[in-house]
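The values are calculated or read from the model by the stated rules, or taken from the named source; none is laboratory data. Note that the coordinates shown come from a computational prediction; the quantities given were computed from them, not determined experimentally. Cβ placement follows ideal geometry from the backbone for every residue including glycine, while neighbour counts extend to all protein chains displayed. With ligands, DNA and RNA removed, areas are computed over all heavy atoms of the protein, side chains included. Shrake-Rupley method; radii C 1.70, N 1.55, O 1.52, S 1.80 Å.
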Amino acid sequence: LLYGRIDIIVLANGIQLRKPFYEYSINEWRMILDVNLTGCFLICKHFSKSMIDNNYGRIIGITSLTTEIGIKNISAYSASKGGMNQFLKNIAIELAKYNIIVNMIAPGRISTNMTNDLTSKTNLNELIIDRIPMGRYGNPSDLIGAALFLASKEAAYMTGQSIIIDGGWLASGGNLPG
């Protein structure tokens, strides 16, 4: 620990595998849940102790828009991020008395290595972009403002909440414009 304490944890771990749920092996399913959900649990379990001792902390989970909507062929990812969302809501209640706030950022389509397989398929990529009112994928930098807010003193009375950053996709109901 650089300064002898932990004040902020950002849970940005995540892997996925695109294919129908009935084609997953049990090992593939477990791997995704282990990284995305169990990893979140273990990090919070071990590092929140320092926050409790200091009576202060911020935990920010990067979940997913899939906690709100279903998307085909990513069921393990969606289940793990939905579980992460609910786990973080629960610990928000447990940790509130220690002045530790726990919130989530739920991104929609963000240009990362996990979406390269979508952006490389021209027809599919166009179909996805057509459903996002802002007409583009988000960039990882689009999440920074929400993360800074959630880490700040200005968010001191906000816990167990999720900020959706998706270019308006959820608000539109996933519909095509027009």
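A few notes on this one:
- Applying 0.36 nm per residue to the separation of residue 26 and residue 98 and subtracting their alpha-carbon distance, the gain on full extension is 22.1 nm.
- Every pair of different Cα atoms in the chain enters the Kirkwood calculation, which places the hydrodynamic radius at 17.2 Å.
- Taking 0.36 nm per residue of sequence separation and removing the Cα-Cα distance, the residue 126/residue 141 pair yields an extension gain of 3.2 nm.
- Using heavy atoms of the protein chains and a probe of 1.4 Å, the accessible area assigned to residue 28 is about 50 Å².
- Placing 105, 26 in order of accessible area, with the largest value first and a 1.4 Å probe, yields 26, 105.
- Backbone amide hydrogens, once placed in the peptide plane, bring residue 110 within less than 5 Å of 138, excluding anything fewer than 5 places away on its chain.
- Hypothetical label at residue 172: residues of region 49-82 whose amide nitrogen lies under 20 Å (7 Å Cα-Cβ projection): 64-72
- The slack in the chain from residue 154 to residue 43, taken as 0.36 nm per residue of separation less the alpha-carbon distance, amounts to 37.5 nm.
- Per residue, region 23-90 exposes 47 Å² of accessible surface when a 1.4 Å probe is rolled over the protein heavy atoms with every protein chain present.
- With every protein chain in place, the chain: carbon and sulfur % of accessible area (1.4 Å): 57 percent
- Computed over the chain, the per-residue total of -39500 (n - 2.57) for DSSP H runs of n ≥ 4 gives a 222 nm mean residue ellipticity of -11500 deg cm²/dmol, rounded to 500.
- Rounded to whole Hz, the Karplus (6.51, -1.76, 1.60) HN-Hα couplings of region 78-87, x for glycine and proline: 4, 4, 5, 6, x, x, 4, 4, 5, 4
- About its Cα centre, the chain has a charge dipole of approximately 200 debye under the convention of +1 per Lys or Arg Cβ and -1 per Asp or Glu Cβ, with nothing else charged.
- Lysine pairs within the chain, Cα separation less than 21 Å, 8 or more sequence positions apart or different chains: 15
- Rel. contact order, % - alpha carbon contacts under 8 angstrom, at least six apart, the chain: 24 percent
- Computed from backbone phi, the HN-Hα couplings of region 158-172 come to 10, 8, x, 10, 10, 9, 8, 10, 9, x, x, 4, 5, 4, 7 Hz, rounded to whole numbers (Karplus: 6.51 cos²θ - 1.76 cosθ + 1.60, θ = phi - 60°; Gly and Pro given as x).
- Long-range amide H partners of residue 11 with built H, under 5 Å: 60, 61, 62
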